[in-house]
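Taking it in order: structure first as structure tokens, then the write-up.
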Amino acid sequence: MKVMNILHDSVVDGEGLRTVIFFAGCPHHCPGCHNPSSWKMTNGKEMSIDEIFEEVASNPLTDVTFSGGEPFIQAKQLVDLAQKIKDLGKNIWIYSGFTYEEIINSRDPYKKELLEICDVLVDGKFILAERDLSLLFRGSRNQRIIELQ
């Protein structure tokens, strides 16, 4: 899998204390994106599912957030990682520029399967004209926090 960074002990990427995995690659290219270096897959470093899982498991006090880039472009591999993380009893938030409707209507069965494993989806592209710094866990007003479980 292509990963930009793994950040421990975040309090801004979902409820509670979280380990955040920033995945490389994003097709959305939102103007004003806070992480444009993540758009290219080649900017990420290759990590195995086991390497990422060990990093997550090394911090037993945190839940997990998948961010990016766009996590759903690596959905096939993320399904296995997400299931291993859920087996640890951890809560998973996932950020996506795709909307919930786009994901559930996708022809890619791995996107839907990944969504079924995660607990919360923050959906929708970042829209600079709707940027709102007062929002919890979102960058723009169009984005939604959707409880999945």
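The values are calculated or read from the model by the stated rules, or taken from the named source; none is laboratory data. Everything numeric in this text was worked out from a predicted model, so none of it was measured. Cβ: placed from backbone, ideal geometry, glycine included. Neighbour counts: every protein chain shown. Side chains included, ligands, DNA and RNA excluded: accessible areas come from the protein's heavy atoms. Shrake-Rupley method; radii C 1.70, N 1.55, O 1.52, S 1.80 Å.
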Lone qualifier among GLU51, GLU55, GLU102 - being under 21 Å from VAL12 (Cβ atoms) and assigned to a helix (DSSP H, G or I): GLU55
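For every residue, the table says whether it meets (1) of a type in the set (Ser, Thr, Tyr); (2) under 17 Å from GLY139 (Cβ atoms); (3) open to solvent by 50 Å² or more (accessible area, probe 1.4 Å); (4) at pLDDT 95 or above.
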site	(1), (2), (3), (4)
GLY14	no, yes, no, yes
ILE21	no, no, no, yes
CYS30	no, yes, no, no
CYS33	no, yes, no, no
SER38	yes, yes, no, no
GLU46	no, no, yes, yes
GLU51	no, no, yes, yes
VAL56	no, no, no, yes
Selection within region 109-149 - among the aliphatic types (A, V, I, L, M), open to solvent by 90 Å² or more (accessible area, probe 1.4 Å) and either within 21 Å of VAL11 (Cα to Cα) or assigned to a strand (DSSP E or B) (or both): LEU133, LEU136
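Condition check ((1) closer than 19 Å to ARG144 by Cα; (2) in a loop (DSSP other than H, G, I, E, B); (3) touching a Pro at 6+ places or on another chain (Cβ under 7 Å)) across all residues:
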position	(1), (2), (3)
ASN5	no, no, no
GLY14	yes, yes, no
PRO27	no, yes, no
GLY32	yes, yes, no
THR42	no, no, no
